[in-house]
Amino acid sequence: MKDAALGNAMKALRAEAGLTQAELALQVGVTRKTINTVENGVFIPSALLALKIAQALGQKVESVFWIRDESGDD
C-alpha cells in the first residue's frame, strides 16, 4: 500500500445523529477543534478516540474510518 491516508464519514454521520461538533466533542472528551480537524483529515485520531467517536455516533469504527490510498481510491 503506497501513501495511505485515513478517510472518514464523521461529518455525515454526525449530522445524521443530530449532533454539532461541540456536542460530539463533549461526548468523547475532546475539543470542538479536535473534532473539526479529524473531520477534515488534518488530524488522525488515536485508536481510542476513533472508537469513542464511533460509539458516540452509534456506528462500528469501520463505518466511520477507513484506510484509503493517496490516489483517492477508497
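Output the number of residues of segment 32-65 satisfying the condition of being on the phi < 0 side of the Ramachandran plot and open to solvent by less than 80 Å² (accessible area, probe 1.4 Å). Even if it seems obvious, please write down each step before you answer.
Let us first name the residues in segment 32-65 that are on the phi < 0 side of the Ramachandran plot, namely 32-40, 42-57, 59-65.
Subsequent filtering for residues that are open to solvent by less than 80 Å² (accessible area, probe 1.4 Å) retains 34-39, 45-47, 49-50, 53-54, 56-57, 59, 61, 63-65.
Within segment 32-65, residues that are on the phi < 0 side of the Ramachandran plot and open to solvent by less than 80 Å² (accessible area, probe 1.4 Å) number 20.
Keeping to segment 1-36, report how many residues are assigned to a helix (DSSP H, G or I) and among the hydroxyl-bearing types (Ser, Thr, Tyr).
Applying the first criterion (assigned to a helix (DSSP H, G or I)) to segment 1-36 yields 10-16, 21-28, 32-36.
Then keep just the ones that are among the hydroxyl-bearing types (Ser, Thr, Tyr); that gives 34.
The qualifying residues number 1.
Based on this model, can you work out whether residue 31 counts as over 11 Å from the mean Cα position of the chain (by Cα) and among the hydroxyl-bearing types (Ser, Thr, Tyr)? Write out each step before concluding.
Details: over 11 Å from the mean Cα position of the chain (by Cα): yes; among the hydroxyl-bearing types (Ser, Thr, Tyr): yes.
Here the answer is yes, as residue 31 does meet what is asked.
What are the residue pairs meeting all of these: first residue in segment 36-60, first residue among the polar types (S, T, N, Q), second residue part of a loop (DSSP other than H, G, I, E, B), Cβ atoms under 7 Å, and 6 or more apart or on different chains?
What qualifies is 37/43.
Counting only residues that are assigned to a strand (DSSP E or B) and under 10 Å from the mean Cα position of the chain (by Cα), which one in segment 42-70 is farthest from residue 20 (Cα to Cα)?
66
Taking residue 11, is it of a type in the set (D, E, K, R) and over 10 Å from the mean Cα position of the chain (by Cα)? Please lay out each step first, then the result.
Values: of a type in the set (D, E, K, R): yes; over 10 Å from the mean Cα position of the chain (by Cα): no.
No.
The values are calculated or read from the model by the stated rules, or taken from the named source; none is laboratory data. Please read these numbers as outputs of a predicted model, since none were measured by experiment. As a convention, Cβ positions derive from the backbone with ideal geometry for all residues, glycine included, and neighbour counts pool all protein chains shown. Ligands, DNA and RNA are excluded from the accessible area calculation, which covers all protein heavy atoms including side chains. Shrake-Rupley method; radii C 1.70, N 1.55, O 1.52, S 1.80 Å.
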